[in-house]
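Worksheet: one structure, shown below.
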Amino acid sequence: MSVINIDQRHPVVLPHVRIQPAKGLLDLDLASLWQYRELIHILVWRDVTVRYKQTLLGVAWAMFQPVATMLIFTVVFSVMGKIPSDGFPYPVFLYAGLLPWFYISQALSRGGTSLVGEAPLISKVYFPRLILPLSATIAPLVDLFLAFIAFLGLMAWFEVVPTWRILLLPVFAGLAAMITLAAGLWVSALYVRYRDVGHILPMFIQLGMFVSPILYPVSKVPESWRAIYALNPVVSVVEGFRWALIPGFQVDFSMVLPSLGIVVVVLIGGLIYFRSMERTFADVI
Amino acid sequence: MSTVAIRAEGLSKHYRLGAAVQHNTLRDQVMHRLKALTQWGSGRSEPDPSFWAVKDVSFEVNQGEVLGIIGHNGAGKSTLLKILSRITQPTKGTVDIYGRVSSLLEVGTGFHSELTGRENIFLNAAMLGMRRDEVRRKFDEIVAFSGVEDFIDTPVKRYSSGMYVRLAFAVAAHLEPEILIVDEVLAVGDASFQQKCLGKMEEVSRSGRTVLIVSHNMGIIEGLCERAILLEKGRVAKIGKTQTVVEGYADAIRSQASMPIGARPDRVGLGEILLTEIDLLDKDRHSIAAAMTGRDVIIRMHYRCADGREFRNCRVSISVNGRKGQDLFVLSTDIVDPAPLTLRGTGYVDFIVPDLPLTGGAYFLQSYIESNGHAQDWIKNVAPFSVLDADYYGTGNLCPPGWEANGVLVRYRWESSDNLQGRTLPFRAREK
């Protein structure tokens, strides 16, 4: 081990930290996230690596899962259930919705359990706790990318040629991540305190698929319900994905704006709530 | 002139026992609120059980100083370290810290069993605050220190527990913070690895870094620290030169050990069989106050079983600790006699030790009773055990200073190249 030089003649300016009971609600201290960016990076890498360790198919699972789901759902809902898809091939229409949905459900269930799942870490090491739900939200983006590659194959099969709008896909993926993080902050912090969350979350995610336009088009939602329906921010993401991926897909963007507002409010509220709960995580967990 | 590395002022941490434990589900929380509401009118409300884990702790540590923190279990040592490492927040008071802090409250924190040794080095190092380029630079050194070169690309779930701990400590040992906070991590691994760790700790402290160590091993504290803090019930009971503080700790243990055994609250186990008393006897079974080096001694442990019950497969044991709290030897019914032991009613177990191999001084006893593998009654520092120094080797020489209540005596002889006559064989040993 090399020796650090604390030279008296050239005093090093040492970083100073003051530990005291926290005051105020608005001290979000996002700068500390930047300091710990390497930890975020390595946790994301860990989550991605661990997920496919000791599996035969490895990362191919990230493609296989949505493709298999798409095939089964197409048979059940399109062939048997005759659910319309606004005139686009149902498999393409469905898969474009499954893409963000798989990401959101995965990221939310991982992000929501990220604190309780790392309880030993929280009681033994210091780092900004925000890193845990954050990296759990980022990691499944890798799966999303792989599932997207599979989608390109599907498009080729149905001879769908993407337009320039596909370039805006990252924007909607970012929106999906923002929604998931907003929800993940609340869920993960509440889970530390109330283990009920462990029962509620899977149910919530399962039902979420049906209150979002994954299996059916928004046009099937009765006109009078749409204003309320649009408050679900997942609607904007799914519609955005379809708009970017399927040429000629029409989106009523007036539906998108209110949900954006909701996301911003929930995200900021989540940050404040998370920060205020963070102080007691190590004591309660 | 020395500069301050850590300055703690009036540090306190308050825990509410009920809030954290009982209301972990929504239903409990709702019920609690409802109960509080209905009791509000009647003016009755249960006091929330609470306690101060750390209370009004103030101290300063200068740069380059090695400070030991000692105290009984539950004295607040771990809570204090958790506050200093920013894991939990104080309820009151402030700490100013000048420099990068790394804390090792446990080795291998964040290790993932599916990842390989190599991957875990990077993961663990990042969690402990090491930069990636720093890890890359020291990677070979870390692997060499851990001694698991051949398994570096094997998932750590296939490691033996020893390898796991060695790799974990190797990462920790290569951190280069200005301030290092260590909790009991040395209590792991085999003796030679422990020695290696101790060496590393000394190296760290000599390199001008500030180190805070919590340990139950007074030998380590005395060896590494110039100054120490003794915590008692969350407060600073003593602070100053290590030797004085360690003596204060020994005094505290002594006063605890002189309490009647029946009244001891600090026992662990089911309590269906209880230790009621410990007597010291000489070889004629007369009660004695102190044992004597080289003479026979009998340690009699009285027990009482729960009414009318019989306990099979019991094990009764007593161990002797030296003045620094180190374990010297254990006497256990099952080791010398494989026949199953059954206990009922009241009675006693005598441990007969011929030719007591201890130097003069104040020792402590630790008692343990179990049945069918369940701990029934375990008391640390159950009673003091005084030994009067006597001529063990029959040569007229007593043990050299510094060895009182510190280590055990063994029979031995020595020879030199000039004189291989074996003349030095101890007189009494030859007699036997």
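The values are calculated or read from the model by the stated rules, or taken from the named source; none is laboratory data. None of these values were measured; they are calculated from a predicted model. Ideal geometry is used to build each Cβ from the backbone, glycine not excepted, and the neighbour counts take in all protein chains shown. Note: accessible area is taken over every heavy atom of the protein model, side chains too, but ligands, DNA and RNA are not part of it. Shrake-Rupley method; radii C 1.70, N 1.55, O 1.52, S 1.80 Å.
Some observations on this one:
- Over chain A, the ratio between the Cα radius of gyration and 2.2 N^0.38 Å evaluates to 1.16.
- The heavy atoms of B:Glu203 present about 70 square angstrom of accessible area, all protein chains included, probe 1.4 Å.
- With q set to 0.09, 0.15 Å⁻¹, the log10 of I(q)/I(0) for segment B:261-388, from the Debye formula over equal scatterers at the Cα positions, is -0.24, -0.69.
- Tensor-based shape of chain B (alpha-carbon gyration tensor, a/c under 1.5 rounded, otherwise prolate or oblate): oblate
- In this simple spin-label model, placing a label point 7 Å from the Cα along the Cα-to-Cβ direction at both B:Asp296 and B:Ser332 gives a separation of 2.6 nm.
- Cβ-based net charge around A:Pro247, under 14 Å, with every Lys or Arg adding one and every Asp or Glu removing one: 0
- Nonlocal amide H pairs with B:Ile69, under 5 Å, H built at 1.01 Å: B:Ile213, B:Val214, B:Ser215, B:Ile229
- A:Asp283 sits with roughly 40 Å² accessible to a 1.4 Å probe, with DNA, RNA and ligands left out of the calculation.
- Computed 3J(HN,Hα) for segment B:83-88, one whole-Hz value per residue from the Karplus formula 6.51 cos²θ - 1.76 cosθ + 1.60 where θ = phi - 60°, is 5, 5, 8, 6, 6, 10, glycine and proline marked x.
- For the protein assembly as shown, a crude dipole built from +1 on the beta carbon of Lys and Arg and -1 on the beta carbon of Asp and Glu, taken about the Cα centre, is about 1080 debye to the nearest 20.
- A cut-off of 5 Å between modelled amide H atoms, ignoring neighbours fewer than 5 places along the same chain, links B:Thr3 with B:Gln63.
- The mean count of C-beta atoms from other chains within 10 Å of the C-beta of residues in B:328-337, rounded to a whole number, is 0.
- Accessible surface, the protein assembly as shown, averaged per residue in Å² (probe 1.4 Å): 49
- Those residues of segment A:48-71 for which accessible area with every protein chain present is at least 30 Å² below the isolated value (1.4 Å probe): A:Val50, A:Lys53, A:Gln54
- Per-atom-type breakdown for segment A:31-284 gives carbon and sulfur 74% of the accessible area (1.4 Å probe, protein chains only).
- Heavy atoms of A:Trp45: accessible area, 1.4 Å probe, square angstrom to 10: 90
- Exercise: per-residue mean of other protein chain Cβ atoms within 10 Å, B:117-129: 4
- Accessible-area rank, largest first, for A:Leu141, B:Leu115: A:Leu141, B:Leu115, with all protein chains present and a 1.4 angstrom probe.
- Remark on B:Asn313: its backbone amide H falls under 5 Å from those of B:Leu341, a criterion applied only to residues 5 or more positions apart or on other chains, H modelled at 1.01 Å from N.
- Number of partner chain Cβ atoms within 10 Å, mean per residue of A:120-130: 6
- Residue by residue, segment A:218-226 carries 3J(HN,Hα) couplings of 4, 4, 7, 7, x, 3, 6, 8, 4 Hz when phi is fed to the Karplus relation 6.51 cos²θ - 1.76 cosθ + 1.60 (θ = phi - 60°); x denotes Gly or Pro.
- Ranking by accessible area, most exposed first, for A:Ser219, B:Ser102 with a 1.4 Å probe: A:Ser219, B:Ser102
- Heavy atoms of chains A and B lose about 4900 Å² of accessible surface on contact, summed over both sides with a 1.4 Å probe.
- Going from the isolated chain to the complete set of protein chains, segment B:85-102 loses at least 20 Å² of heavy-atom accessible area (1.4 Å probe) at B:Arg86, B:Ile87, B:Thr88, B:Gln89, B:Pro90, B:Thr94, B:Val95, B:Asp96, B:Ile97, B:Tyr98, B:Gly99.
- Computed over segment B:169-309, Kirkwood Rh from alpha-carbon pairs, angstrom: 19.1
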